[in-house]
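Take a look at the structure set out below.
The values are calculated or read from the model by the stated rules, or taken from the named source; none is laboratory data. Nothing here was measured: the structure is a model prediction, and the numbers come from that model. Positions of Cβ are generated from backbone atoms using ideal geometry, with glycine treated the same way; all protein chains shown enter the neighbour counts. For the accessible areas, the whole protein counts, side chains as well, though only heavy atoms, and no ligand, DNA or RNA atoms are used. Shrake-Rupley method; radii C 1.70, N 1.55, O 1.52, S 1.80 Å.
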Amino acid sequence: MQVALNLGPIAEAEADVLILPGFEDARPELDRPPATWIQQVYDSGEFTGERYALAVLHQPAGLRARRLALAGCGKRAEFDAAQLRLVTAAAVRSLRSKATKRVAMLAEAPPPPADAVAAAVEGAILGAYEPDRYKTDPKKEESRLESFTVLAPGGDPALERALERGRIVAESQNYARDLAAEPGNRLTPSALAEAAHRLAAEHELACEILDRDRMTQLGMGALLGVAQGSAEPPALIVLRYRPSSAIRRGAHLGFVGKGVTFDTGGISIKPAEKMDQMRYDMAGGAAVLGAMRALALLRPPVPVTAIIPAVENMPGPRAQRPGDIVRTLSGKTVEVLNTDAEGRLILADALTYAQRLGCTHLVDLATLTGAIVVALGHHYAGAFSNHQAWLDRFLAAARATGEKVWPLPVDDDYMDYLKTPFADLPNVGPRAAGAITAARFLKEFADPRPWVHLDIAGTAWLEEDKPFMPKGPTGVGVRTLVALALAAPASAD
Ligand code: BES
Ligand code: MN
Ligand code: ZN
């Protein structure tokens, strides 16, 4: 899809559909005949400005566009960039048809113009996304959007930068969604490593893949224990983004993403129902790759290293058993009481490795626990941290990009739940506070570096269609990681 910025008058905009935001408490103003139609649809109650509602007028007199659409935006005072992103996505989705190839939309205040332009473009690109690459119906092609133009009449040409940023971020988020949607038979750990390799070759990133032998040499016993039940070899993916001019003594970010390409649970096998969803157990890794793609294009002045432990969790003949004890890269030993708590095992070694590579500030993204869904449902991702200032930066980045994140505790009291007489740590606790004990386990491997863990098990996959998004992968985390790197700390402390 092409995107463009148009600073000219609305009436001159060429499009199949011109979208005007309409509020519950404020009607769009137009100095042309469609103004009467706008009054009528409002007065008749046909269109109230309710969020995601749409009213369409064909052949609007006095406009160049072929159709005029009013898009419901709710209350004006509650309207921000996040709302604009969702409204745009929903409008693009409901207008899909073979007669809709070129869409133009007015980027409406209250958000500041640059934020509004970026949010509208992101909404359009995200809303046009379909996880249908394995559908063979060629008709689908006919209703693909060809262009999206943001209208900012009389605006500053510098808004082009916001347009470009929005395009890069949303395309990178869709890249992550494509990876997360890939089924387990297609996206094995080697295939994920291959994808990272291609990504690095296309954009200016360095890529290194550690194979099983190298990980054995290094002593990544926790990661290797998970991998040993599968016929598919594991891969530890390392991608490096290096800016042309880094701030001296500045931070070096480490983005770690869980890359379980399929999670059967291993010997502690999962029930059949919904097991198909475990294809997205690499959504954290996918989000990290998506963020690296965006950073390679946006080039912020901060070095970022991505580390994605990629494994398949299978109950094969060599699989690890409940009760097995493994030695992590950090030297700490872990008793594997439940082979389905595999994410924290591979992340433990990845977090230690990130520190060895010199990362000063860590973030990990993982579809880690079903318990985070019990705690927060499918609306918020859960954030955990050992460092208040770093968490605050992370939460600010999430808020600025419209990704919903809520903090939960990980203090030492929760170590009461992680006790075993046989090793330094068990990999699971009792039922209580499952998302927190998982995070508390990770903290053992992230300390002493500032670290945030984001549990996206409830937010990385949408279980049913929403007006602004189809069932499937959401790409959650990409926008926050990018915003975090763009606002990176100037010093290493
Ligand atoms: N990948 C799952 C977590 C998950 C659950 C992701 C639902 C997405 C949707 C993780 O590896 C897992 O199996 N966690 C266990 C931990 C338990 C054994 C302590 C869980 O949540 O049941
Ligand atoms: Mn599991
Ligand atoms: Zn898992």
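Here are the numbers for this structure:
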{"item": "Failed condition for residue 384, given (1) closer than 23 Å to residue 328 by Cα; (2) surrounded by fewer than 24 Cβ atoms within 10 Å (Cβ to Cβ)", "result": "(2)"}
{"item": "Of the criteria (1) open to solvent by 80 Å² or more (accessible area, probe 1.4 Å); (2) touching a helix residue (DSSP H, G or I) at 6+ places or on another chain (Cβ under 6 Å); (3) assigned to a helix (DSSP H, G or I), which one residue 98 fails", "result": "(3)"}
{"item": "Residues within the range 420-438 that are assigned to a strand (DSSP E or B) and more than 16 Å from ligand 2 (Cβ to nearest atom), tallied", "result": "1"}
{"item": "Condition check for residue 350: aliphatic (A, V, I, L, M), away from ligand 1 (no atom under 16 Å from the Cβ), open to solvent by less than 10 Å² (accessible area, probe 1.4 Å) and not in a strand (DSSP E or B)", "result": "no"}
{"item": "Of residues in the range 296-340 being among the small types (Gly, Ala, Ser) and either in contact with a Phe, Trp or Tyr (Cβ under 8 Å, 6 or more places away or on another chain) or closer than 30 Å to residue 245 by Cβ (or both), the one farthest from ligand 2 (Cβ to nearest atom)", "result": "296"}
{"item": "Residue under evaluation residue 417, criteria (1) within 16 Å of ligand 2 (Cβ to nearest atom); (2) surrounded by fewer than 20 Cβ atoms within 10 Å (Cβ to Cβ); (3) of a type in the set (Ser, Thr, Tyr), criterion not met", "result": "(1)"}
{"item": "So residue 454, is it assigned to a strand (DSSP E or B), within 24 Å of the chain's Cα centre (by Cα) and either within 16 Å of ligand 3 (Cβ to nearest atom) or in contact (Cβ under 8 Å) with a residue 60 or more places away in the chain (or both)", "result": "yes"}
{"item": "Conditions (1) farther than 22 Å from residue 446 by Cβ; (2) open to solvent by 30 Å² or more (accessible area, probe 1.4 Å); (3) in contact (Cβ under 8 Å) with a residue 40 or more places away in the chain; number of the one not met by residue 316", "result": "(2)"}
{"item": "Residue 170 being buried (at least 24 other Cβ atoms within 10 Å of the Cβ), among the aliphatic types (A, V, I, L, M), modelled with pLDDT of 95 or more and under 24 Å from the mean Cα position of the chain (by Cα)", "result": "yes"}
{"item": "Single residue of the range 243-270 satisfying the filter (within 12 Å of ligand 2 (Cβ to nearest atom), over 17 Å from residue 196 (Cβ atoms) and of a type outside the set (Phe, Trp, Tyr)) that is most open to solvent (accessible area, probe 1.4 Å)", "result": "269"}
{"item": "Failed item, numbered, when residue 371 is tested on (1) buried (at least 19 other Cβ atoms within 10 Å of the Cβ); (2) more than 22 Å from the chain's Cα centre (by Cα)", "result": "(2)"}
{"item": "Answer from 135, 98 - the residue that is free of Cβ contacts under 8 Å to residues at least 24 places away in the same chain and of a type in the set (Lys, Arg)", "result": "135"}
{"item": "Positions within the range 246-302 being without any contact (Cβ under 8 Å) to a residue 60 or more places away in the chain and either in contact with a helix residue (DSSP H, G or I) (Cβ under 9 Å, 6 or more places away or on another chain) or within 15 Å of ligand 1 (Cβ to nearest atom) (or both), in sequence order", "result": "264, 271, 272, 273, 274, 275, 276"}
{"item": "Options 302, 334, 288, 363; residue that is assigned to a loop (DSSP other than H, G, I, E, B) and open to solvent by less than 10 Å² (accessible area, probe 1.4 Å)", "result": "302"}
{"item": "Residue under evaluation residue 356, criteria (1) over 24 Å from the mean Cα position of the chain (by Cα); (2) more than 20 Å from residue 257 (Cα to Cα), criterion not met", "result": "(2)"}
{"item": "Index of the failed condition, residue 373 passing every other in (1) of a type outside the set (Ser, Thr, Tyr); (2) more than 16 Å from ligand 2 (Cβ to nearest atom); (3) out of contact with any helix residue (DSSP H, G or I) (no Cβ under 6 Å at 6 or more places or on another chain)", "result": "(2)"}
{"item": "Evaluation of residue 345 against (1) in a helix (DSSP H, G or I); (2) open to solvent by 10 Å² or more (accessible area, probe 1.4 Å); (3) within 13 Å of ligand 2 (Cβ to nearest atom) (one fails), failing number", "result": "(2)"}
{"item": "Hits in the range 9-40 - residues which are aromatic (Phe, Trp, Tyr) and closer than 24 Å to residue 111 by Cβ", "result": "23"}
{"item": "Selection from the range 33-58 of residues that are part of a loop (DSSP other than H, G, I, E, B) and within 39 Å of the chain's Cα centre (by Cα)", "result": "45, 46, 47, 48, 49, 50, 51, 52, 53"}
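Each row is one residue, and each column tells you yes or no for (1) more than 24 Å from residue 299 (Cα to Cα); (2) without any contact (Cβ under 8 Å) to a residue 60 or more places away in the chain.
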| site | (1), (2) |
| --- | --- |
| 206 | no, yes |
| 211 | yes, yes |
| 214 | yes, yes |
| 218 | yes, no |
| 234 | yes, no |
| 237 | no, no |
